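Enquirer: This is the structure, below, for whatever I ask next.
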């Protein structure tokens, strides 16, 4: 696990000079937090590769990068978990190895099988592979986009890096902003795959290869597509018992494969189904207790740490829990712009950073439960979608009228009435209810699902931004009996890599911790895509049915029969409290609005309404704008 960087300056026909090497070193070392254990560079003509090392496998100097072997040079970020298996295959072909690293296995695999080597890799990765003979550079990213890879091309200069902050070290980097990405960001809180806040910066899509040669010709191809796997998956028609047994075997193998390391490994244990199952299946049969980590919140509406601690006691792990105060969270907020490099509005980035910091004090690798929701029907919005889809039978004109009427209802009133009538907790109702209102405006099924994860309606965005074009991720949902699977596919293609995996990678690497994703193994994905909806969310609406079935063998059902909590924070409370003065400063910052071509009047109205507790705007939408403001101050105004 490391950070990679590089450049090709096609203008330097005689090769890179000493000034270029100094710039390459600055770009590399801008990412030192993600690679504190070592660094290196490689130069060949007009190409330069850089590397910051976080030593996890083969801790010896022989595992250092960039690594050369024969006609190849590589700068690699990630892990190939099945590298020992691949190594044996290559040795049978006559290849010899001088290191015990998975990095060398990548080189030899490409030497033998070309780009077909990628189909054999089970892991997370983003790497640059240079062929000295053909003078061609390949950039490769893993199937689901666990590891990041950005690239830049303008006026004969090609840059790539694990983090955009590296680009700022190059004097020719053009920081022109791409305003077309703002509608998606303000609706979702993250940037769409392929896009960047900068006009000339792009993200390499998951499952992709970018090829560039010395003539500055670039091409991008896909070696893996989630939708292709989904379409080819034949619906599993075995009995429930057989499916449960086989799934536990598949998960156990994948989870234990992620324990391969030459350093200590732990697990993020939130108390939810996914992380609890990862913990249970790895701890099963171990002679030593697994290290597990949890952070809790003072606000009980957002806290699951007591459940995580009880699960840890049940499973017999060596558990570390930390109760975070408001001051702990406040201390992270000034770091967010530097951690994420781009506008990033997922407020759970704050506890994710604190959890990573807690784990890093004890281990160097931590496993997460990311991907379980997408693959096994874990999000509440999936079940909502099934019920809300009936709304489309109502004429849009009528639903628009209902939308107008419901905007006058205070979500806090609904939450109070639900509590009074003992209907159960409806905490964070200002978030859920405002999302429900958006679904009333849906034009079709894809639009409806998009609304379940949006935080502001298109009418308001048009007032704020001017005319804009909506772009939705549609894969043509013609899959009878697998609508939940289709929704998971959509999230696997967008929300997972662009929000969840981005959040975890940047937060963990900022403290020098490797986070691994055991649910996102290709074999697990193939198994999950073949499951019928009734094995994910049965008619009674209980999410992640199969995962609960397996987990109930190891943990008391009372600990897992709970609604999904999510890794959320009291963002509305903070914005109206400790962050209020900064929010007001943003409201009056004319330069900020002019930079992003936002209507200051419209945005000021939203902030004023929010601070006055008029529930017209989702608090997360206000946080999205605030995060954009903080990013602007850090990366544009001060540089």
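Enquirer: From (1) in the same structural domain as residue 525 (by TED's automatic domain parsing); (2) outside any helix (DSSP H, G or I), pick out the condition that doesn't hold for residue 215.
Expert: (1)
Enquirer: On to the next question. Can residue 185 be described as in a helix (DSSP H, G or I), touching a helix residue (DSSP H, G or I) at 6+ places or on another chain (Cβ under 9 Å), surrounded by 15 or more Cβ atoms within 10 Å (Cβ to Cβ) and modelled with pLDDT of 95 or more?
Expert: So residue 185 passes the test.
Enquirer: Continuing with this model, one more query. Taking region 256-276 as the region of interest, how many residues are more than 20 Å from the chain's Cα centre (by Cα) and over 21 Å from residue 357 (Cα atoms)?
Expert: 3
Enquirer: Go through (1) in the same structural domain as residue 143 (by TED's automatic domain parsing); (2) farther than 22 Å from residue 489 by Cα; (3) surrounded by 18 or more Cβ atoms within 10 Å (Cβ to Cβ) one by one and return the number of the condition residue 204 breaks.
Expert: Among (1) in the same structural domain as residue 143 (by TED's automatic domain parsing); (2) farther than 22 Å from residue 489 by Cα; (3) surrounded by 18 or more Cβ atoms within 10 Å (Cβ to Cβ), residue 204 violates only (2).
Enquirer: Is it the case that residue 97 is closer than 30 Å to residue 502 by Cβ and not in a helix (DSSP H, G or I)?
Expert: In short, no.
Enquirer: What are the residue pairs meeting all of these: first residue in region 386-401, first residue under 10 Å from residue 439 (Cα atoms), second residue surrounded by 11 or more Cβ atoms within 10 Å (Cβ to Cβ), Cβ atoms under 6 Å, and 6 or more apart or on different chains?
Expert: Listed by first residue and then by second, the contacts come to 388/439; 399/440.
Enquirer: Answer with yes or no whether residue 569 is part of a loop (DSSP other than H, G, I, E, B) and within 30 Å of residue 311 (Cβ to Cβ).
Expert: It is true that residue 569 is part of a loop (DSSP other than H, G, I, E, B) and within 30 Å of residue 311 (Cβ to Cβ).
Enquirer: Still on this structure, please answer the following. Go over the candidates 531, 501, 547, 489 one by one and state the one that is buried (at least 20 other Cβ atoms within 10 Å of the Cβ), modelled with pLDDT of 90 or more, assigned by TED's automatic domain parsing to the domain that holds residue 369 and part of a loop (DSSP other than H, G, I, E, B).
Expert: Going through 531, 501, 547, 489 in turn, the sole match is 531.
Matching residues to (1) part of a helix (DSSP H, G or I); (2) touching a strand residue (DSSP E or B) at 6+ places or on another chain (Cβ under 9 Å); (3) assigned by TED's automatic domain parsing to the domain that holds residue 254:
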{"position": "346", "(1), (2), (3)": "no, no, yes"}
{"position": "355", "(1), (2), (3)": "yes, yes, yes"}
{"position": "373", "(1), (2), (3)": "yes, no, yes"}
{"position": "390", "(1), (2), (3)": "yes, no, no"}
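Enquirer: Give the residue that is surrounded by the most Cβ atoms within 10 Å (Cβ to Cβ), with candidates limited to residues of region 95-111 that are more than 19 Å from residue 5 (Cβ to Cβ) and out of contact with any helix residue (DSSP H, G or I) (no Cβ under 6 Å at 6 or more places or on another chain).
Expert: Within region 95-111, the match that is surrounded by the most Cβ atoms within 10 Å (Cβ to Cβ) is 104.
Enquirer: On to the next question. Touching a strand residue (DSSP E or B) at 6+ places or on another chain (Cβ under 9 Å), buried (at least 16 other Cβ atoms within 10 Å of the Cβ), within 23 Å of residue 496 (Cα to Cα) and touching a residue at least 40 places away in the same chain (Cβ under 8 Å), is that true of residue 78?
Expert: For residue 78, the condition - touching a strand residue (DSSP E or B) at 6+ places or on another chain (Cβ under 9 Å), buried (at least 16 other Cβ atoms within 10 Å of the Cβ), within 23 Å of residue 496 (Cα to Cα) and touching a residue at least 40 places away in the same chain (Cβ under 8 Å) - is met.
Enquirer: Check off (1) in a loop (DSSP other than H, G, I, E, B); (2) in contact with a strand residue (DSSP E or B) (Cβ under 8 Å, 6 or more places away or on another chain); (3) surrounded by fewer than 21 Cβ atoms within 10 Å (Cβ to Cβ) for residue 270 and give me the number that stays unchecked.
Expert: So the condition that residue 270 fails would be (3).
Enquirer: Any idea which of (1) out of contact with any helix residue (DSSP H, G or I) (no Cβ under 8 Å at 6 or more places or on another chain); (2) over 28 Å from residue 46 (Cα atoms); (3) not in a helix (DSSP H, G or I) is the one residue 236 doesn't satisfy?
Expert: (1)
Enquirer: Right, here's the next one. Output the number of residues of region 573-605 satisfying the condition of being within 23 Å of residue 183 (Cα to Cα) and at pLDDT below 90.
Expert: Matching residues across region 573-605 total 0.
Enquirer: Scan region 218-233 residue by residue and report those that are more than 22 Å from residue 125 (Cα to Cα) and assigned to a loop (DSSP other than H, G, I, E, B).
Expert: Within region 218-233, just 233 meets the criteria.
Enquirer: Something else about it: So which residues in region 504-519 are outside any loop (DSSP other than H, G, I, E, B), touching a helix residue (DSSP H, G or I) at 6+ places or on another chain (Cβ under 8 Å) and crowded, with 23+ Cβ neighbours inside 10 Å?
Expert: Once the filter is applied, which keeps residues that are outside any loop (DSSP other than H, G, I, E, B), touching a helix residue (DSSP H, G or I) at 6+ places or on another chain (Cβ under 8 Å) and crowded, with 23+ Cβ neighbours inside 10 Å, region 504-519 yields 504, 506, 507, 508, 509, 514, 515, 518, 519.
Enquirer: Turning to a different aspect of this structure: So residue 62 clears everything in (1) at pLDDT below 95; (2) crowded, with 16+ Cβ neighbours inside 10 Å; (3) within 28 Å of residue 134 (Cβ to Cβ) except one condition, right? Which one?
Expert: Status for residue 62: all satisfied but (2).
Enquirer: Do we find that residue 191 is more than 18 Å from the chain's Cα centre (by Cα), at pLDDT 95 or above and either under 28 Å from residue 621 (Cα atoms) or crowded, with 22+ Cβ neighbours inside 10 Å (or both) in this structure?
Expert: Spelling it out, it is not the case that residue 191 is more than 18 Å from the chain's Cα centre (by Cα), at pLDDT 95 or above and either under 28 Å from residue 621 (Cα atoms) or crowded, with 22+ Cβ neighbours inside 10 Å (or both).
Enquirer: Same structure again: Looking only at region 24-35, how many residues end up being surrounded by fewer than 16 Cβ atoms within 10 Å (Cβ to Cβ) and not in a helix (DSSP H, G or I)?
Expert: Count: 0.
Enquirer: If you don't mind, another one. Going by what's in this entry, would residue 174 be described as surrounded by 21 or more Cβ atoms within 10 Å (Cβ to Cβ) and in contact with a strand residue (DSSP E or B) (Cβ under 6 Å, 6 or more places away or on another chain)?
Expert: So residue 174 does not fit the description; no.
Enquirer: Pull up region 288-302, narrow it to residues that are at pLDDT below 90 and part of a loop (DSSP other than H, G, I, E, B), then point me to the one that is farthest from residue 570 (Cα to Cα).
Expert: For region 288-302, the residue satisfying everything is 298.
Enquirer: Which of the numbered conditions does residue 359 fail, given that it passes all the others? Conditions: (1) touching a helix residue (DSSP H, G or I) at 6+ places or on another chain (Cβ under 7 Å); (2) more than 30 Å from residue 638 (Cβ to Cβ); (3) part of a helix (DSSP H, G or I); (4) assigned by TED's automatic domain parsing to the domain that holds residue 539.
Expert: Status for residue 359: all satisfied but (1).
Enquirer: Taking residue 610 as the residue in question, decide whether it is at pLDDT 95 or above, outside the structural domain of residue 178 (by TED's automatic domain parsing) and buried (at least 20 other Cβ atoms within 10 Å of the Cβ).
Expert: Against the criterion (at pLDDT 95 or above, outside the structural domain of residue 178 (by TED's automatic domain parsing) and buried (at least 20 other Cβ atoms within 10 Å of the Cβ)), residue 610 does not qualify.
Enquirer: Return the pair list, or none, for Cβ contacts closer than 6 Å from residues in region 318-337 that are assigned by TED's automatic domain parsing to the domain that holds residue 294 and farther than 16 Å from residue 626 by Cα to residues that are surrounded by 14 or more Cβ atoms within 10 Å (Cβ to Cβ) and modelled with pLDDT under 90, at least 6 apart or on different chains.
Expert: Qualifying pairs under 6 Å: 321/305; 323/296.
The values are calculated or read from the model by the stated rules, or taken from the named source; none is laboratory data. None of the values given here were measured: they were computed from a predicted structure. Cβ atoms come from the backbone with ideal geometry, glycine included; neighbour counts cover every protein chain shown.
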